[in-house]
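Below is one structure, written out as structure tokens, with a few remarks after it.
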Amino acid sequence: MKTICFYFQIHQPFRLKRYRFFDIGADHYYYDDFSNEDIIHGIAERTYFPANQMLLDLIKEYDGKFKVAFSISGVVLEQMEIYVPEAIEQFKELAKTGCVEFLAETYNHSLASLTDPEEFEKQVKAHVEKIELLFGQKPKVFRNTELIYSDDIALQVAAMGFKTMLTEGAKHVLGWKSPNYLYSSASAPKLKLLTRNMKFSDDISYRFSNYDWSEYPLVADKLVSWVASTSESEQLVNIFMNYDVLGSLQSASTGIFEFFKAIPRFALAKGISFSTPSEVAHTMKSVGELIVPYPCSWAGEEKDTSPWLGNILQKEAVDKLYGIAEKVHLVTDRRILQDWNYLQASDHFNYMSTKLFPGPSVYSPYENAYDAFNNYMNVLSDFIDRVNGQFPEGVENEELNALMTTILNQEKMIKELEKKVKGASAVPKNGTPKKKETKKA
Amino acid sequence: MKALMFGWEFPPHILGGLGTASYGLTKGMALQPDMDITFVMPKPWGDEDRSFLRLIGSCNTPIVRKEVTWDYVKERIGDCMDPQLYFDLRSHIYANFSYFPTNDLGCVGFSGRYPDNLLEEINNYSIVAGVIARTIPCDIIHSHDWLTYPAGIHAKTVTGKPLVIHVHATDFDRSRGKVNPTVYGIEKDGMDHADHILTVSNLTRNIVIEKYHQDPRKVTTVHNAVEPMSPDVAAISSKKGTNDKVVTFLGRITMQKGPEYFVEAAAKVLAKKDNVRFVMAGNGDMMNQMIRLAAQRGISDRFHFTGFMKGTQVYEVLKSSDVYVMPSVSEPFGISPLEAMQCGVPTIISKQSGCAEILDKAIKTDYWDIEAMSDAMYSIITYPSMAEYLQVEGKEEVDRITWEKAGLKVRAIYDQVINK
């Protein structure tokens, strides 16, 4: 029996406000509250509220036979908590149905998997905790920021205990192979890989309302018949996309919601089921290994990491940011740690892209790449100064580490010694052993 | 295709961007195999590059018949004009101008600059144009900038050939809105008589349509380009003797170029950074005011005025710079940022300049937005990848902007106008 695996990415960064160089050292608040609130409200109205309601209805209507998976970044969850807590309630309700799986990712939707293994692990842990706290399920499947994947990343993900991961069915990765099977990683053979079906996913995401497309209009039974007409042995169709497709990238007037509502009816009639990534990994066996030496992603035509690390501006910004990582890991100041989280969102680097296609995100608050770079680097300069300000000047990281452990140990020592002193001073005062004192108490 | 062009400046003796543009455009057009260009200018010096066009000086064109010998003419003006052409022109004198003050060859004098009696010179130029138009056969007449519009109109009346005028600037750019009515009159007259109007940017095109009330269908933008750097210029090395970063303003220090915004932005950067110096290269009526402003902001120790720069000095300054800034309030096109980018200097330009329409690998800010401008300066001198990116990509971009392509666009207009 064929099965469709739907997965939606939900993410919004904390956009930075206009931060001029003369603000460096003077102003330590970096975010554009107005536009962040405005954008998340807009998307919630257009997408989160109606789409969540639609999914709830569908799950009810088909009695649990319709299933989807979400990967919601930690930073967008924080924004929802601040600005649209109703959305969180809806997701909680979805979680309760048992037909919705929440996936693990980096808390900040960051590029840490490419730059800093230690940071990567920290963020994944933080995200898993956040999901568990909000939705009561511990994510078992991992999907990286923008489906970025490589053999190296697979090793790290497997080491963190995940058995399944999502990635793009990029042509340079699959070659002649079809994305409609379950694969496993070449570097970590126990890690199963779900590969995105590029054609069907993009048909819905980008071509749905395109009049010039030869297959316009795309209707539910057409899509389902395409799925049904794949060869007999292809049992799995992974449709992975941005949640914004529902209502924002494809506005409600295009009929995207009606299209989605009709999918389960046609699919179930043709004997096609719906599964979550965990179920797929559980029921199916890998047909082979995928070798991916260079990182791939789901973006653009090249399916590589060039939308975030394509030009020297982006590389410098990322280098500078992760150059301070080691020091940040020693910091305990909560505001610094929070800024550290927000500054890592991959979106900031996407805004600096000078590619023509795909250009920077449609939500980019900047006029062009230079503007984005200027603003980010000014913020980062201030941030780096603040981090350095936490420590004495001219001390190397390693030395700092040693000093920090000494300080930590000192605290322990002091506590121990204090206990001893107490114990010792207790004896001569009362002239009785400690045991009796506890008895009295 | 024979084109008769009227211009005012031609390198190497130039006073502004008009000469550079005239040279680049004619050279680019000469690459078309069937293109035959005759370029008329007020006063040639004899050291102009004549390899791709025929150059006629109005100061060597007779308007009064004087009986002179071949050898005499060759001795007098042989370096600028073929004696045969002199006699051809002489036989096409069309009226009695003997009341004019002329020299021994029957020619009227021109300064070739922008003197106080400019209007008189423009008028004389147009009289001379009548002789030339009667002598040199042409298919189309092309006038560069308002000084030559009357000449173009005259030539059109004489020959009946279509007139194309090329707007390199309007008086609205030069005066920030306080237009000289005489100049406006000449400009408007030229545009009204033209069969087609070429503008150097969409910015100028809009001014021509809105302020001179021209039919948009008659106005086409042909963006300027830049000559590839000559080997001599490429060989010039940086003269920078300091480790400080150098931010440069290069151009006439006049209202149109927005020098005060540069000074204000410099003051903002210097409040934050100490390893940077600012250079204002050029001359102009606002120079003293700028010196005072810099002193008032307390940045004179880091703000330098070089005075007028010419020839290779311009490139020496550019190559010693880390940032080039052109904060023009209204710039019809502005070739100098392109030259800066050729030298690999990261460039900041105002959105109010025509070249911003074709440049992507430069930072664009509003001329009045000194915060954005100073922020961009700071970024280039502080974050190495920003400077490197603009350097490499900017050079690549500007190398693709050639006069040959601009020439083809002009040619398409010629063909369209002639076949109408």
### Message
If I go through the range A:367-400 residue by residue, how many of them are of a type outside the set (A, V, I, L, M, F, W, C), under 22 Å from B:L359 (Cα atoms) and either touching a strand residue (DSSP E or B) at 6+ places or on another chain (Cβ under 7 Å) or crowded, with 19+ Cβ neighbours inside 10 Å (or both)?
### Response
4
### Message
Are there strands (runs of 3 or more DSSP E) fully within the range A:119-208 with at least 3 residues that are under 30 Å from A:V219 (Cα atoms)? List them.
### Response
A:164-168, A:192-196
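So which of A:E418, A:E398 ends up being of a type outside the set (A, V, I, L, M, F, W, C) and more than 32 Å from the chain's Cα centre (by Cα)? Lay out the reasoning, then the answer.
Numbers: A:E398 fails: more than 32 Å from the chain's Cα centre (by Cα).
None of the other options fit; the residue is A:E418.
For the range A:32-46: of the residues being surrounded by fewer than 16 Cβ atoms within 10 Å (Cβ to Cβ) and small (G, A, S), which is nearest to the other protein chains (Cβ to nearest Cβ)?
Filtering the range A:32-46 for residues surrounded by fewer than 16 Cβ atoms within 10 Å (Cβ to Cβ) gives A:33-35, A:37-38, A:41-42, A:45.
Right, trim to small (G, A, S) and you get A:35, A:42.
Working: A:S35: 18, A:G42: 27 Å.
For the range A:32-46, the residue satisfying everything is A:S35.
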### Query
Restricting attention to the range A:283-318, and to residues there that are of a type in the set (D, E, K, R) and not in a loop (DSSP other than H, G, I, E, B), which single residue is farthest from the other protein chains (Cβ to nearest Cβ)?
A:E289
### Task
Have a look at B:Y72, B:Y149, B:Y94, B:Y99 and point out the one that is hydroxyl-bearing (S, T, Y) and either surrounded by 20 or more Cβ atoms within 10 Å (Cβ to Cβ) or within 22 Å of B:Y23 (Cβ to Cβ) (or both).
B:Y149
### Residue that is farthest from A:I24 (Cα to Cα) [pool: residues in the range A:360-390 that are part of a loop (DSSP other than H, G, I, E, B) and either of a type in the set (F, W, Y) or within 12 Å of another protein chain (Cβ to nearest Cβ) (or both)]
A:Y363
### Task
For the range A:346-353, indicate whether the set of residues that are in a loop (DSSP other than H, G, I, E, B), surrounded by 16 or more Cβ atoms within 10 Å (Cβ to Cβ), within 14 Å of another protein chain (Cβ to nearest Cβ) and modelled with pLDDT under 90 is non-empty.
no
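On the given criteria, is A:E105 among the charged types (D, E, K, R), under 17 Å from the mean Cα position of the chain (by Cα) and closer than 15 Å to A:F14 by Cβ?
Values: among the charged types (D, E, K, R): yes; under 17 Å from the mean Cα position of the chain (by Cα): yes; closer than 15 Å to A:F14 by Cβ: no.
No.
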### Message
If I filter the range B:398-408 for residues that are closer than 30 Å to A:A317 by Cα, within 11 Å of chain A (Cβ to nearest Cβ) and either aromatic (F, W, Y) or in contact (Cβ under 8 Å) with a residue 60 or more places away in the chain (or both), do I get at least one hit?
### Response
no
### Message
Can you list residue pairs whose Cβ atoms sit under 6 Å apart, with the first residue in the range B:67-86 being over 19 Å from B:T135 (Cα atoms) and at pLDDT 90 or above and the second being crowded, with 17+ Cβ neighbours inside 10 Å and not hydroxyl-bearing (S, T, Y)? Count only pairs 6 or more apart in sequence or on different chains.
### Response
B:K74/B:P83
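Within the range B:23-54, track down each residue that is loosely packed, with under 15 Cβ neighbours inside 10 Å and aromatic (F, W, Y). Steps first, answer last, please.
Here is the first cut: in the range B:23-54, the residues loosely packed, with under 15 Cβ neighbours inside 10 Å are B:31, B:33-34, B:45-47, B:49-51.
Answer for the range B:23-54, where residues must be loosely packed, with under 15 Cβ neighbours inside 10 Å and aromatic (F, W, Y): just B:W45.
Residue by residue through the range A:1-31, note down the ones that are surrounded by fewer than 17 Cβ atoms within 10 Å (Cβ to Cβ), over 21 Å from the mean Cα position of the chain (by Cα), within 30 Å of B:L270 (Cα to Cα) and more than 14 Å from chain B (Cβ to nearest Cβ).
Within the range A:1-31, the first condition is being surrounded by fewer than 17 Cβ atoms within 10 Å (Cβ to Cβ), and the residues that meet it are A:1, A:18, A:25-29, A:31.
Next, only the ones that are over 21 Å from the mean Cα position of the chain (by Cα) stay: A:1, A:18, A:25-29.
With the extra rule that they be within 30 Å of B:L270 (Cα to Cα), the set shrinks to A:18, A:25-29.
Within the range A:1-31, A:H28, A:Y29 qualify.
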### Query
With respect to A:W298, is the statement that it is modelled with pLDDT under 95, closer than 21 Å to A:N197 by Cα, in contact with an Asp or Glu (Cβ under 9 Å, 6 or more places away or on another chain) and buried (at least 22 other Cβ atoms within 10 Å of the Cβ) true?
yes
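Results for (1) closer than 23 Å to A:C296 by Cβ; (2) free of Cβ contacts under 8 Å to residues at least 24 places away in the same chain; (3) surrounded by 20 or more Cβ atoms within 10 Å (Cβ to Cβ), shown as yes or no for each residue.
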{"site": "A:V219", "(1), (2), (3)": "no, no, no"}
{"site": "A:S229", "(1), (2), (3)": "no, yes, no"}
{"site": "A:F259", "(1), (2), (3)": "no, no, no"}
{"site": "A:A281", "(1), (2), (3)": "yes, no, yes"}
{"site": "A:M284", "(1), (2), (3)": "yes, no, no"}
## Note on the structure
When (1) away from chain B (no Cβ under 14 Å); (2) among the hydrophobic types (A, V, I, L, M, F, W, C); (3) part of a helix (DSSP H, G or I) are applied to A:F357, the one that fails is (3)
#### Entry: Residue list for the range A:209-256, restricted to those being under 20 Å from A:V362 (Cβ atoms) and in a helix (DSSP H, G or I)
A:Y243, A:D244, A:V245, A:A252, A:S253, A:T254, A:I256
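Taking the condition of being over 20 Å from the mean Cα position of the chain (by Cα) and either buried (at least 24 other Cβ atoms within 10 Å of the Cβ) or at the interface with another protein chain (Cβ under 9 Å from one of its Cβ atoms) (or both), how many residues in the range B:350-379 meet it?
In the first step, residues of the range B:350-379 are kept if they are over 20 Å from the mean Cα position of the chain (by Cα); the result is B:360-379.
Checking the rest, the ones that are also either buried (at least 24 other Cβ atoms within 10 Å of the Cβ) or at the interface with another protein chain (Cβ under 9 Å from one of its Cβ atoms) (or both) come to B:360-365, B:371-379.
Total meeting the criteria: 15.
Got a sec? Which of B:T382, B:T347 is out of contact with any helix residue (DSSP H, G or I) (no Cβ under 6 Å at 6 or more places or on another chain), among the hydroxyl-bearing types (S, T, Y) and within 14 Å of chain A (Cβ to nearest Cβ)?
On inspection, the qualifying residue turns out to be B:T382.
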### Message
Looking at the range B:274-322 only, could you name the residues that are surrounded by fewer than 16 Cβ atoms within 10 Å (Cβ to Cβ), within 22 Å of B:L338 (Cβ to Cβ) and of a type in the set (D, E, K, R)?
### Response
B:K310
#### Entry: Among residues of the range B:163-181, those that are closer than 18 Å to B:G7 by Cβ and in a loop (DSSP other than H, G, I, E, B), counted
3
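Restricting the range A:84-118 to residues that are surrounded by fewer than 18 Cβ atoms within 10 Å (Cβ to Cβ) and in contact with a helix residue (DSSP H, G or I) (Cβ under 8 Å, 6 or more places away or on another chain), which is nearest to A:C5 (Cα to Cα)?
Among residues in the range A:84-118 that are surrounded by fewer than 18 Cβ atoms within 10 Å (Cβ to Cβ) and in contact with a helix residue (DSSP H, G or I) (Cβ under 8 Å, 6 or more places away or on another chain), the one nearest to A:C5 (Cα to Cα) is A:T97.
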### Query
When residues of the range A:60-83 are filtered for being within 19 Å of the chain's Cα centre (by Cα) and either buried (at least 16 other Cβ atoms within 10 Å of the Cβ) or of a type in the set (G, A, S) (or both), how many remain?
13
#### Entry: Some residue of the range A:323-344 being touching a strand residue (DSSP E or B) at 6+ places or on another chain (Cβ under 6 Å), buried (at least 17 other Cβ atoms within 10 Å of the Cβ) and not aromatic (F, W, Y)
yes
### Message
among the hydrophobic types (A, V, I, L, M, F, W, C), closer than 23 Å to A:I204 by Cα, in contact with a Pro (Cβ under 9 Å, 6 or more places away or on another chain) and without any contact (Cβ under 8 Å) to a residue 40 or more places away in the chain: which single residue out of A:F66, A:F102 fits that description?
### Response
A:F102
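Are there any strands (runs of 3 or more DSSP E) wholly within the range B:229-332 with 1 or more residues that are without any contact (Cβ under 8 Å) to a residue 40 or more places away in the chain and not charged (D, E, K, R), and if so which?
Values: elements: B:245-250, B:276-281, B:303-307, B:323-326.
In the range B:229-332, B:276-281, B:303-307 are the strands (runs of 3 or more DSSP E) which contain 1 or more residues that are without any contact (Cβ under 8 Å) to a residue 40 or more places away in the chain and not charged (D, E, K, R).
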### Query
Within the range B:102-109, can one find any residue that is assigned to a loop (DSSP other than H, G, I, E, B) and closer than 18 Å to B:T148 by Cα?
yes
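The values are calculated or read from the model by the stated rules, or taken from the named source; none is laboratory data. Small disclaimer: the values here were computed from a predicted structure and weren't measured. Note that we place each Cβ from the backbone using ideal geometry, even for glycine, and neighbour counts take in every protein chain shown.
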